[in-house]
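Undergrad: Can you read through this structure? Questions will come right after.
Every number here is computed from the coordinates shown, using simple stated rules; none is lab data. It should be emphasised that the depicted structure is a prediction, and the values quoted were computed from it without experimental measurement. Note that each Cβ is placed from the backbone with ideal geometry, even for glycine, and that neighbours are counted across all protein chains shown.
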Ligand code: MN
């Protein structure tokens, strides 16, 4: 009997130890570059941490070998916002309203996404990150909303990042609707481009009232993106969009346990 009690006590000690030994998934975060400085907003870093992941900034490179070495070490991928993407990458001539383009970052973003998805690494794209996800998988963009979308609303808000400025309608039954527990939401908005033709295997899961695409997801739910900035809300202490990051971390845990 004493032996049994001892064995039970040992088990009770070991089980929580075993659980805590399971490592948090590592979430690669894409960066931007300013001169010779790699940059990532703390908003993204804080959101990944808050969701239970370990943030890992992926330095900018156009080397596929280096990108593979980084991908070896991550369990999930968060693609961040930034500049316009070169229209040549989705077979369009540039709009008169094309903004700053960073060719090396274009190559870096599209290569990371394609190689991550090939490996089964889950991908969450935000703003430019969502647009790059769509381009990488064969879709294209609306290059400039004000000059091309009839009756467009304002998608470049003047309010701070933690504040909503327009509403979106969310597709019932989509991953996004499930994660947020709603079919409508108010979001922030800092873009003049948006997803145009959706990549094969992906669907639109949210639109603004002027029809502009605000979210996409893949049929298998392992890659998804939003045009708004959920990290801006998380960073300012509002957690209604934290489930998006938590979902990435959950998928990353699953990927990690299959590795
Ligand atoms: Mn918007």
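Undergrad: Mind checking the angle between helix 2-21 and the chain's longest principal axis? C-alpha axes, 0 to 90 degrees, to the nearest 10.
TA: 20
Undergrad: Expressed as an acute angle from 0 to 90° and rounded to the nearest 10, what is the orientation of the C-alpha long axis of helix 242-258 relative to the principal long axis of the chain?
TA: 60
Undergrad: Additional query: For the stretch 55-81 and the stretch 108-137, what is the centre-to-centre distance using only Cα atoms, to the nearest Å?
TA: First find each Cα centre; the distance between them is then 11 Å.
Undergrad: Largest first and to the nearest Å, give the Cα extent of the chain along each principal axis.
TA: Dimensions of the chain along the principal axes of its Cα atoms: 81, 42, 33 Å.
Undergrad: Shifting gears a bit: Obtain the nm distance between the two label points defined at residue 154 and residue 37 by a simple spin-label model: each point lies 7 Å from its Cα along the Cα-to-C-beta direction.
TA: Taking the two extended label points, one gets 3.0 nm.
Undergrad: Still on this structure, I have one more. Tilt of helix 103-119 relative to the longest C-alpha principal axis of the chain, in degrees (0 to 90, nearest 10)?
TA: Helix 103-119 sits roughly 40 degrees off the main axis of the chain.
Undergrad: Given the rule -39500 (n - 2.57) for each run of at least 4 DSSP H residues, summed and divided by the residues of the chain, what is its mean residue ellipticity at 222 nm, to the nearest 500 deg cm²/dmol?
TA: Rounded to the nearest 500, it is -11000 deg cm²/dmol.
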